[in-house]
1. May I have the count of lysine pairs in the chain with C-alpha atoms under 30 Å apart, counting pairs 8 or more residues apart or located on different chains?
2. Over the heavy atoms of Leu62, what accessible area does a 1.4 Å probe trace out, to the nearest 10 Å²?
3. Under a plain spin-label model, where a point goes 7 Å from the Cα along Cα-to-Cβ, how far apart in nm are Arg63 and Asn45?
4. Expressed as an acute angle from 0 to 90° and rounded to the nearest 10, what is the orientation of the C-alpha long axis of helix 16-25 relative to the principal long axis of the chain?
5. For the chain, give the percent of accessible area contributed by carbon and sulfur heavy atoms, probe 1.4 Å, rounded to a whole number.
6. From the residues Ala43, Tyr73, Leu62, which one has its Cα farthest along the dipole of the chain in the positive direction, the dipole being from +1 and -1 charges on Cβ of Lys/Arg and Asp/Glu about the Cα centre?
7. Pairs of Cα atoms under 8 Å, at least six residues apart: use those to get the relative contact order of the chain, whole percent.
8. Counting only trypsin sites (Lys or Arg not before Pro) that sit in a DSSP loop (anything but H, G, I, E, B) with at most 13 other Cβ atoms within 10 Å, what is the longest stretch of the chain containing none of them?
Amino acid sequence: MNDKEIFKIGPVELTRKEAEEIYASGKYILTSTAVYQVFFSPAQNRFYGHRLYWKKGARFCLRGRYHVFDGAYINKIIGHELLA
């Protein structure tokens, strides 16, 4: 395994270790305008992301930054019961 591997999830760049931690904990990535879930493909041995929610013009955090939260907290931030 290459620890220097970078995985791009939406606008966020994660190392393999960071992606593994987010995936294993079942948490989500919150950017300024979207919520992403991290998935793993055993066939390709790669992490990838899927955008679950997007709101034009939203500012959940500063542009260029991101946060990792569980589903219940993300639901409070976005104002919808979207995630478990």
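The values are calculated or read from the model by the stated rules, or taken from the named source; none is laboratory data. What you see is a predicted model, and the numbers here were worked out from it, not measured in a lab. Every residue, glycine as well, gets a Cβ built from its backbone with ideal geometry; the counts of neighbours run over all protein chains shown. Only protein heavy atoms, including side chains, enter the accessible area calculation; ligands, DNA and RNA are left aside. Shrake-Rupley method; radii C 1.70, N 1.55, O 1.52, S 1.80 Å.
1. Lysine pairs, 8 or more places apart or on different chains, close enough: 15.
2. Counting only protein heavy atoms, the figure is 120 Å².
3. My value for the distance between the label points is 3.9 nm.
4. It works out to around 60 degrees.
5. Exposed carbon and sulfur together represent 49 percent of the surface.
6. Leu62
7. Details: 142 pairs, mean separation 22.4, N = 84.
Taking the mean separation of contacting Cα pairs over the length of the chain, I get 27 percent.
8. Working: sites that count: Lys4, Lys56, Arg59, Arg63, Arg65.
In the chain, the maximal stretch lacking such sites is 5-55.
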